[in-house]
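What follows is a set of notes on a single structure, which appears directly below.
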Amino acid sequence: MGIYSGAEIFQIAMELEETGRVFYETLAEGSEHRELADLCKNLAGQESSHYDKFKQMSEQLVQRPASRPLSWDELHFANILIEERVLSNPEEAQEAARSGDVLGMLETAIRLEKDSVLFYSELLEDVDQDDKSAVQEIIEEEKRHVRVLVDAKRKLKA
């Protein structure tokens, strides 16, 4: 069982942001719904910016161990989240985008972003006090995505 430092959590965050970027780009490319495609392009750009931000934050952190090792359940949850965010078959995302189920695509994106918030919130307890503010920044970035997606969903339903 490993011990996670704030920098290691940023590495996980970077992986999540990269797979999020691929997810949004795939939806943007395959969607015939113009507004959804534009939103997904914007979110893909934000995911890319977040990746860069998290990389920079990681490089600024001094490598230190977390206050305790992560439990098996916590590590298992991290693996599940990463698997959920990885697009193992981009063609499936393109088909989903072409299906016209804009509401379903937004709900999937909201779920993925909420899962990220939950993941980072749980890990927040397990990093050194000095790293907590940096991890909290990740959480706030993901919450912003949730708000943008929920607003888009509300507009779509109106």
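The values are calculated or read from the model by the stated rules, or taken from the named source; none is laboratory data. Worth saying up front: this structure is predicted, and the values here are computed from it rather than measured. As a convention, Cβ positions derive from the backbone with ideal geometry for all residues, glycine included, and neighbour counts pool all protein chains shown.
Only residues that are surrounded by 18 or more Cβ atoms within 10 Å (Cβ to Cβ) and either more than 23 Å from residue 15 (Cβ to Cβ) or of a type in the set (D, E, K, R) (or both) were counted across region 107-132, and they come to 3.
Among the residues of region 133-152, write down those that are over 19 Å from residue 53 (Cβ atoms) and either touching a His at 6+ places or on another chain (Cβ under 6 Å) or crowded, with 17+ Cβ neighbours inside 10 Å (or both).
149, 152
Taking the conditions (1) at pLDDT 70 or above; (2) under 25 Å from residue 108 (Cβ atoms) in turn, residue 75 satisfies each one other than (1). Per the listing 82, 138, the residue uniquely modelled with pLDDT under 70 and either in a helix (DSSP H, G or I) or over 16 Å from the mean Cα position of the chain (by Cα) (or both) is 82. A residue that is out of contact with any helix residue (DSSP H, G or I) (no Cβ under 6 Å at 6 or more places or on another chain), surrounded by fewer than 17 Cβ atoms within 10 Å (Cβ to Cβ), closer than 25 Å to residue 133 by Cβ and at pLDDT below 80 can be found somewhere in region 4-14.
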